[in-house]
Amino acid sequence: LEGARVLVTDPVDGLLLEALKAAGLEVDYRPGISRGEILVAIPEYDALVVRSRTKVDRVVIERGQRLKVIARAGVGLDNVDVHAAQERGIRVVNAPGAATQSVAELTIALLIAAARRVPESIEFARKGVWKKVMGVELFGKTLAVVGFGRIGRRVAEIAKAIGMDIVAYDVMDITGYAEKLGARVARSLHDALAEADAVTLHVPLTPDTYHLISWDEFRVMKRGVILVNTSRGAVVDAEALLWALDEGIVGAAALDVLEHEPPATEAEKKLAAHPRVILTTHIGASTIEAQRRVAVETARKLLEALAE
Ligand code: NAD
């Protein structure tokens, strides 16, 4: 391990850098480095650490002639071509559970903010206009949790405490988890969507979940439904969502993620400006606690993989 070189291309917690240095690694911290600069630098490094900004595609991987490990300081591996890495015997590690609680808390925050129209009221208050906005309670309403993994289950647990009825949908057998949490299991995605007052998305981004929520899905939803997405932007078809908002199918959408961040397409820009859309800047895992956990777990796994 002594002297192995690590390139870090996204902002990470200082603990991660310290842990790698303490193990004798030479760490180059270059958050914000451009793709061109990465391609020039990568042949010199034994390990690469990224969050979600850096796209570690086949081109980057094949230029990384010394690469042994790619570490994703976080959960989603959709920005890493895992297949291309495996072909070259490069280990890919991540920190799957580290951000679960933070993302679940943000999801609930967005759900309540949408139900109570909190951002609109904040806008009024800023302008000195003491106008009320009329919201809805979540108590007694049905929440569809699409993707009943770590984050989806934690969201269900908290929503349950608010008094929501949970209907869960997943491609895996989730009957055990659902029973434990007092959630019902939907037979299909459309079944879950059709009975939901609010829908929250917690699937990984894969070819199967790309635009999972599109025209056909909005068509089965109840009028006025709240949509929350803290998973990956591309899970929702932005054009279809814009249509559903304007049709009055979606009453409010609260999104922490977009297919392009910042918004790049016409539809995404319109969503960002839409009065019934709440948009945050991909802050799901951005808490002191999550980033510390991510740092510790990523460092441990990177060092283990390098030592193999
Ligand atoms: P997880 O792997 O624990 O759970 C994902 C679940 O989705 C699994 O149960 C899986 O079976 C299910 N699934 C996969 N394909 C599906 C499909 N087509 N239909 C229904 N279910 C499907 O993952 P997690 O830790 O709960 O993370 C969930 C999502 O949250 C990921 O997309 C991740 O990238 C995202 N995330 C976002 C942030 C953020 O900053 N906003 C932070 C961390 C994670």
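The values are calculated or read from the model by the stated rules, or taken from the named source; none is laboratory data. All of these numbers come straight from a predicted model, not from anything done at the bench. Cβ sites come from the backbone with ideal geometry, for glycine too, and all protein chains shown count toward neighbours. The area values use the complete protein model at the heavy-atom level, side chains included, leaving out ligands, DNA and RNA. Shrake-Rupley method; radii C 1.70, N 1.55, O 1.52, S 1.80 Å.
Laid out as a table, the results:
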read-out: Length gained when the stretch Met134-Asp246 is fully extended (0.36 nm per residue, less Cα-Cα span); value: 38.4 nm
read-out: Of every Cα-Cα pair in region 152-308, the percent that sits beyond 27 Å; value: 31
read-out: ³J(HN,Hα), Karplus 6.51/-1.76/1.60, whole Hz, each residue of region 100-115, x for Gly, Pro; value: 3, 5, 5, 5, 4, 5, 5, 4, 5, 4, 5, 4, 5, 4, 6, 5
read-out: Relative contact order for region 140-190, counting Cα pairs under 8 Å that sit 6 or more residues apart, in percent; value: 38
read-out: Furthest towards positive pole of dipole, Ala299, Thr280, Tyr169, structure part region 157-301, Cβ charges; value: Ala299
read-out: Nonlocal amide H pairs with His211, under 5 Å, H built at 1.01 Å; value: Val235, Val236
read-out: Principal semi-axes in Å for region 104-220 [√(5λ), Cα gyration tensor, largest first]; value: 28, 16, 13
read-out: Simple spin-label estimate for Arg223 and Gln65 in nanometres, 7 Å along Cα-Cβ; value: 6.6
read-out: In Hz, Karplus ³J(HN,Hα) per residue of region 292-308 (6.51, -1.76, 1.60; θ = phi - 60°; x = Gly, Pro); value: 5, 4, 4, 4, 5, 5, 5, 4, 4, 6, 5, 5, 4, 5, 5, 6, 5
read-out: Positive-pole candidate from Val92, Thr206, Gly152, dipole of the chain, charges at beta carbon; value: Gly152
read-out: Largest to smallest principal axis extent of the C-alpha atoms in region 11-80, angstrom; value: 31, 25, 20
read-out: Accessible surface, per residue, of region 156-308 when the full set of protein chains is kept, probe 1.4 Å, Å²; value: 48
read-out: Rounded percent of accessible protein surface that carbon and sulfur make up, the chain, 1.4 Å probe; value: 54
read-out: Proportion of all alpha-carbon pairs of the chain beyond 31 Å (%); value: 36
read-out: Filter on Lys160/Lys270; Lys141/Lys180; Lys21/Lys301; Lys132/Lys222; Lys21/Lys68 - keep pairs with C-alpha separation over 23 Å; value: Lys160/Lys270; Lys132/Lys222
read-out: Estimated dipole of the chain in Debye, rounded to 20 [Cβ of Lys and Arg +1, of Asp and Glu -1, Cα centre]; value: 700
read-out: Region 254-308 - convex hull of alpha carbons, volume per residue in Å³; value: 95
read-out: Amide proton proximity set for Asp165, modelled H, under 5 Å, gap of 5+; value: Gly140, Lys141, Thr142, Leu143
